[in-house]
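Have a look at the structure below, then the notes.
The values are calculated or read from the model by the stated rules, or taken from the named source; none is laboratory data. The model shown is predicted, which means the values in this text are computed figures rather than measured ones. We place every Cβ from the backbone using ideal geometry, glycine too, and count neighbours over all the protein chains shown.
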Amino acid sequence: MKILHFADLHLGVERYGHIDPAIGLSTRLSDFLKVLDELVDYALNDSVDLVLFCGDAYRSRDPSQTHQREFAKRIGRLASHGVAVFLLVGNHDLPNAVGRANSVEIFDTLAVRNIYVGGRPGTYCVGTKSGNVQVVALPWARRSVLLAKDEAKNLTAEQVNEKLQQTLTNILSQEVESLDCSVPAVLTGHVSVSTAKTGSERTMLVGQDYFMLHSSLSRREFDYVALGHIHKRQVLSENPPMVYAGSLERVDFGDENDEKGFYVVELDTSKSAGERVLSCDFHPVSARSFLTIEIDANTDDPTATVLAAIAKKEITDAIVRLIIKVSESNEPMINDSEIRRALKGAYYVGSIVKDVARERRIRIGNEGSESLSPIKALEVYLQSKDTPPDRIKKMLEYGKQLISEQ
């Protein structure tokens, strides 16, 4: 049995893009759909049985009709070819009112064949071409739903998180106890694990974050633990594999050095729990490149230095930001127009930042520089250049001598 795991698609992120006049949509939407198409093609070409999506289909809690349509096209393509799809609800999928529908609930409402929606904690029996799978779901938890008002009254934020963590752990323990050990079981969670390294999700957090203990999720009854919410892909443990697939496309410069893609897990369903995993491999996608260029422009020709540094980088089709370190005296020598022309081949220029080192100025009192004697002015100048005291003394002697000669 082959299981494909991905998460944090965030359709609707449009930063660092522009409107494509041919279709009237953001070019960044095309980036996100492109990598999703790569994933769908892989699933169909390599006979994947089950696709686990671990939350955050959209950037917004209220996605546009266009974003919903494009997501449904791809998910529907998988389902129509007999691939089971499990959609876990993430924090970006939840509406801001309890009574409203979440952004992927429509698939459940329409009872679309081969598509399952994990909107509540629990165990779902998912049928695939290679047999059934028990999918235990831990969608993003609402504090207001899991904790009674009286129960959380007068608690600090940290105490509320601990209470929420314990409630989810108890729910998970109950689900584990009811599992059939003869049938493969996977855990899907849209949660933060205490041992995980965070990524660009910190800039997109909707609601307050909470953490689950690693030990709460790492259960021998699970063949695989598929996680979402953290954008940096990482394997937290090997037995069972506990994996954050990471975001499928780069969201911002926090993802610059992270390879993006999805995981494919192969199980031998004839074996017992704890022995079923044959392989767990990462498959990269062609995500949009982000590139930061840092340059020390404290040279005789700062503009030429910057242009030379840009020429050494592959900026074509990349989202670029430029950080120029320059002194206050060299800043006026930088030609912004020439630099922007040099960056013309980039997909998008995120920012050009000048990190200017301001020169330290020594206060000379309320009298002003006009009232300073030539010797005092020389002393102030030498101090501003961090000249050693013994050298200052010698230079002042030379100064006095020159003045007396004059």
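Of all the listed residues (ARG69, ARG74), the sole one being within 26 Å of SER130 (Cβ to Cβ), among the basic types (Lys, Arg) and either at pLDDT 95 or above or not assigned by TED's automatic domain parsing to the domain that holds VAL264 (or both) is ARG74. The residues in the range 331-357 that are of a type outside the set (Val, Ile, Thr) and in a strand (DSSP E or B) can be counted, and the count is 7. Candidates are the residues of the range 236-273 that are without any contact (Cβ under 8 Å) to a residue 24 or more places away in the chain and of a type outside the set (Asp, Glu); the one that is nearest to ASP46 (Cα to Cα) is SER270. When VAL48 is tested against (1) within 23 Å of GLY254 (Cα to Cα); (2) touching a strand residue (DSSP E or B) at 6+ places or on another chain (Cβ under 7 Å); (3) not charged (D, E, K, R), just one condition goes unmet, and that condition is (1).
Restricting the first member to the range 56-73 and to residues that are farther than 13 Å from GLU14 by Cβ, and the second to residues that are part of a loop (DSSP other than H, G, I, E, B) and among the hydrophobic types (A, V, I, L, M, F, W, C), the beta-carbon pairs closer than 6 Å and six or more apart or on different chains are ALA57/LEU9; ALA57/VAL104; PHE71/ALA57. Taking the range 266-293 as the range and being assigned to a loop (DSSP other than H, G, I, E, B) and touching a Phe, Trp or Tyr at 6+ places or on another chain (Cβ under 6 Å) as the test, no residue passes. Can you find even one residue in the range 257-265 that is within 19 Å of LEU138 (Cα to Cα), of a type in the set (Gly, Ala, Ser), touching a Leu at 6+ places or on another chain (Cβ under 9 Å) and part of a strand (DSSP E or B)? Scanning the range 257-265 turns up no residue that is within 19 Å of LEU138 (Cα to Cα), of a type in the set (Gly, Ala, Ser), touching a Leu at 6+ places or on another chain (Cβ under 9 Å) and part of a strand (DSSP E or B). Within the option set GLU14, GLU38, being part of a helix (DSSP H, G or I) and among the acidic types (Asp, Glu) holds for one residue only, GLU38.
Suppose we keep only residues that are part of a loop (DSSP other than H, G, I, E, B) and buried (at least 19 other Cβ atoms within 10 Å of the Cβ) within the range 298-330. Which one would you say is farthest from the chain's Cα centre (by Cα)? Within the range 298-330, the match that is farthest from the chain's Cα centre (by Cα) is ASN330.
With respect to the conditions (1) part of a helix (DSSP H, G or I); (2) in contact with a helix residue (DSSP H, G or I) (Cβ under 9 Å, 6 or more places away or on another chain); (3) more than 14 Å from SER247 (Cα to Cα), SER30 falls short on a single one, namely (2).
Would the range 99-120 turn up any residue that is in contact (Cβ under 8 Å) with a residue 40 or more places away in the chain, of a type outside the set (Gly, Ala, Ser) and under 17 Å from LEU227 (Cβ atoms)? The answer is no; no qualifying residue exists. ASP268 fulfils the conditions (1) in contact with a strand residue (DSSP E or B) (Cβ under 6 Å, 6 or more places away or on another chain); (2) surrounded by 16 or more Cβ atoms within 10 Å (Cβ to Cβ); (3) assigned by TED's automatic domain parsing to the domain that holds GLU38 except for a single criterion, (2).
When the range 213-248 is limited to residues that are hydrophobic (A, V, I, L, M, F, W, C) and touching a Pro at 6+ places or on another chain (Cβ under 8 Å), the one that is surrounded by the fewest Cβ atoms within 10 Å (Cβ to Cβ) turns out to be VAL235. The sole residue among VAL186, VAL133 that is crowded, with 20+ Cβ neighbours inside 10 Å, touching a Pro at 6+ places or on another chain (Cβ under 7 Å), under 22 Å from ALA273 (Cβ atoms) and modelled with pLDDT of 90 or more is VAL133.
Residue by residue, here is whether (1) in contact with a strand residue (DSSP E or B) (Cβ under 6 Å, 6 or more places away or on another chain); (2) surrounded by fewer than 23 Cβ atoms within 10 Å (Cβ to Cβ); (3) within 30 Å of LEU267 (Cα to Cα); (4) assigned by TED's automatic domain parsing to the domain that holds GLY246 holds:
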| site | (1), (2), (3), (4) |
| --- | --- |
| LEU25 | no, yes, no, yes |
| ARG28 | no, no, no, yes |
| PHE32 | yes, no, yes, yes |
| ASP37 | no, yes, yes, yes |
| SER60 | no, yes, no, yes |
| GLN65 | no, yes, no, yes |
| HIS81 | no, yes, yes, yes |
| LEU87 | yes, no, yes, yes |
